[in-house]
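A short worksheet on the structure shown next.
The values are calculated or read from the model by the stated rules, or taken from the named source; none is laboratory data. Quantities reported herein were computed from a predicted structural model and do not represent experimental measurements. Heads up, the Cβs are rebuilt from the backbone with ideal geometry, glycines too, and the neighbour counts pull from every protein chain shown. Side chains are part of the model used for accessible areas, which takes the heavy atoms of the whole protein and leaves out ligands, DNA and RNA. Shrake-Rupley method; radii C 1.70, N 1.55, O 1.52, S 1.80 Å.
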Amino acid sequence: MKADSKTYKIKTMDGYTPQIGHLVSMMDYARYTTLDAVKGLTTEQLDYIPNKDGNSIGALLLHMAAVEFGFQIELFDKRKPNKQEIEAWGAAYQIGDKGRKTIKGYPLEFYINKLEEVRYRTLEEFKKRTDEWLYEEALWDNNVSNNYFIWFHTFEDEINHRGQIRIIKKMLPTSI
């Protein structure tokens with residue numbers, strides 16, 4: 001391999017049990033590719049909404065953080081979000097009309113900081129967990145699930161929205 005090439009592997013990671021390390025390595029790669037997809041975008045580009053029912057790139061980024069935050073509350077804190085958390089994250093969690101109205105005017109650093117703040121807690125909490133915890137049952141959208149699936153869904157949702165981001169970038173007007 002060349003000196004400037006990267007290594008892409010799903011592997012164990014220091015500080016985590018084996019399966020959690022695998023999960024973290026997948027989450028890290030998904031985040032790396034998301035951040036690469038938005039590198040250098042301006043506030044105007046982050047705010048661009050491609051159609052009346054669409055979402056901006058900024059809203060999608062904040063949504064990624066909101067989804068992860070919501071699962072932190074449910075799986076780590078074992079509760080539902082409180083009124084203050086719903087107010088703070090509701091537009092980003094639901095996106096749609098409220099998100100189109102309120103999630104705008106922020107530079108890329110704002111979204112990256114939110115993603116990093118939320119991810120930091122996830123990684124710290126994962127260090128406290130065992131592989132057995134991954135297989136514990138949990139409810140997801142009123143369906144029987146387990147912690148592993150829910151955290152898989154967290155980065156699977158990010159990958160889905162990263163695809164939307166890439167499409168929106170191709171639709172950006174050259175004037176912004």
Alpha-carbon Rg/Rh ratio, for the chain, with Rh computed the Kirkwood way: 0.99
Where N is the number of residues in segment 121-176, Cα Rg divided by 2.2 N^0.38 Å: 1.65
Computed over the chain, protein heavy atoms only, probe 1.4 angstrom, the accessible area per residue in square angstrom equals 58
Check every DSSP H run in the chain and write down those whose alpha carbon atoms cover 20 angstrom or more along the long axis and whose mean Kyte-Doolittle hydropathy is 1.6 or greater. 57-71
Given labels modelled 7 Å from the Cα in the Cβ direction, how far is it in nm from F110 to I86? 2.4
Residue among E156, E44, E136 with the largest mean-square fluctuation in a Gaussian network model of the chain, springs linking Cα atoms under 10 Å: E136
Figure the gain on full extension for F152 and E132 (residue separation times 0.36 nm, minus the Cα-Cα span) and round it to one decimal in nm. 5.7 nm
